[in-house]
Amino acid sequence: MGAGGPDDEDNRWPPWLKPLLKEGFFVHCKLHADSHKSECNMYCLDCMNGALCSLCLAYHKDHRAIQIRRSSYHDVIRVSEIQKVLDITGVQTYIINSARVVFLNERPQPRPGKGVTNTCEVCDRSLLDSFRFCSLGCKIAGTSNNFEKKKKKKQSAAMVSDSEDSYSSSSHGRQTKDRVQRSFTPSTPPPTSVNYRTAKRRKGIPRRAPMGGLSIEY
Ligand SMILES: [Zn+2]
Ligand SMILES: [Zn+2]
Ligand SMILES: [Zn+2]
């Protein structure tokens, strides 16, 4: 460490940001393993001590804690929460469950959309025209001193209709996405709907799916 001269790199972002992006969320809390509510989806910006469950959070009463949410198995944060503590300019936002969110990290995209006019400067995911990055992680990478910009000629706002893919994910949110995802991955049937049906038939044995709603916790 320390090689490479004056480094404002560390001061550019709040200290909690990089740890936050590396953290794994939606795992069971080690401290509260026997609690049903022990899924860790909170992060304390003051303590930076990893993913917290709702019970852990009780120890961070006066701290700035932020809630991580899930969309199609990717971590997102509500814009209304993150923008209070971070400048998210340039990062594409999405409307998911009628809330505006940003993605924490880049998501692999099998292949670039056809005729896409604007892509993430870091990972090349297709974006709406006004954005530079697909996620907070890509913004960090793309604005760091070490990042060599592969300047792309942006065909300025030509053919907007071609970025339809991004538009649909942005405006219809996860409902559309979810349906698509499910039809493509029949190997993982949503446990919730099965249990729901069973419970209904048996009348009054409400069962909570152990992992139910894992991706739909809003
Ligand atoms: Zn704390
Ligand atoms: Zn806990
Ligand atoms: Zn990206």
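The values are calculated or read from the model by the stated rules, or taken from the named source; none is laboratory data. What you see is a predicted model; the values in this text were computed from it and never measured. Heads up, the Cβs are rebuilt from the backbone with ideal geometry, glycines too, and the neighbour counts pull from every protein chain shown.
What the table below lists for this structure:
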| item | result |
| --- | --- |
| Residue match in segment 22-35 (condition: in contact (Cβ under 8 Å) with a residue 40 or more places away in the chain, more than 16 Å from ligand 1 (Cβ to nearest atom) and not in a loop (DSSP other than H, G, I, E, B)) | no |
| Segment 96-110: number of residues that are among the aliphatic types (A, V, I, L, M) and either without any contact (Cβ under 8 Å) to a residue 60 or more places away in the chain or closer than 17 Å to ARG132 by Cβ (or both) | 3 |
| Scope segment 91-110; condition assigned to a strand (DSSP E or B) and closer than 16 Å to LYS22 by Cβ; matching residues | PHE103 |
| Single residue of VAL85, VAL102 found to be away from ligand 1 (no atom under 16 Å from the Cβ) and modelled with pLDDT of 95 or more | VAL102 |
| Neighbours by Cβ (under 8 Å, 6+ apart or cross-chain): first from segment 51-72, at positive phi; second more than 16 Å from ligand 3 (Cβ to nearest atom) | SER72/ARG174; SER72/LYS177; SER72/ASP178; SER72/GLN181; SER72/SER215 |
| ARG78, sole failed condition from (1) within 16 Å of ligand 2 (Cβ to nearest atom); (2) modelled with pLDDT of 95 or more | (1) |
| Selection from segment 24-44 of residues that are over 23 Å from ASN97 (Cβ atoms) and at pLDDT 95 or above | CYS44 |
| GLY115 being more than 16 Å from ligand 3 (Cβ to nearest atom), surrounded by 17 or more Cβ atoms within 10 Å (Cβ to Cβ) and either acidic (Asp, Glu) or over 13 Å from the mean Cα position of the chain (by Cα) (or both) | no |
